[in-house]
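Structure, as structure tokens:
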Amino acid sequence: MDEYWSEVFRKEYLPKVRPFPKVRELFERIHDDNKRSVLASSGKKADTKYYIDLLKIGDLIDGYVSGDDADSSKPAPDIFAASLEKLGDISPADAVTVGDTRFDIEAAKKAGLKTIAFLCGGPPESALREAGAIAIYRDPTEFLAHYDELMK
């Protein structure tokens, strides 16, 4: 059933997906700040690669992990543990994630990571705050506008 719905999504909906404004610019800012990044998604590897190409960020990230690289999906910490492995010698205390669901925040917390949350994923701010987000922004554009305040 999972494979069937994945195929329906790929054929019917994936071609209609559009990136939020300023996503590439945000990744450029992170890259220009000499911070390393890994795109982590619970989605399938092919879908994750599709998003990287859609966002045009392949040259700005240090790699990616997908649901195919994890034994369990969020809220299990597997995706974030795999991301830390991809980055190499970095302490979870020195890493920050960005997510848009309470599952992202819960999974990151289990891996020892802090999370910046975006409201554009749909959950209310109260749910993201209650889950433990260290900062909450409307979307990538707002985070980019406040990047220096949080990331320095």
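Here are some notes:
- Residue tally, condition assigned to a helix (DSSP H, G or I) and more than 26 Å from ARG18 (Cβ to Cβ), over region 120-140: 4
- Condition check for PHE143: touching a strand residue (DSSP E or B) at 6+ places or on another chain (Cβ under 9 Å) and either part of a helix (DSSP H, G or I) or among the aliphatic types (A, V, I, L, M) (or both): yes
- Residue list for region 84-133, filter: of a type outside the set (D, E, K, R), more than 15 Å from the chain's Cα centre (by Cα) and under 18 Å from ILE61 (Cβ atoms): GLY88, ILE90
- Every condition in (1) over 22 Å from MET151 (Cα atoms); (2) of a type outside the set (Asp, Glu); (3) assigned to a loop (DSSP other than H, G, I, E, B) is met by GLY112 except one, and the failing one is (1).
- Scanning region 16-52 for residues that are among the basic types (Lys, Arg) and either touching a residue at least 60 places away in the same chain (Cβ under 8 Å) or more than 23 Å from SER72 (Cβ to Cβ) (or both) gives LYS16, ARG18, LYS22, ARG24, ARG29, LYS35, ARG36.
- Within this structure, GLY88 passes the test of being of a type in the set (Gly, Ala, Ser) and free of Cβ contacts under 8 Å to residues at least 12 places away in the same chain.
Each reported figure results from applying straightforward, stated rules to the coordinates on display, with no laboratory input. None of the values given here were measured: they were computed from a predicted structure. Cβ coordinates were reconstructed from backbone atoms using ideal geometry, including for glycine residues, and neighbour counts include every protein chain displayed.
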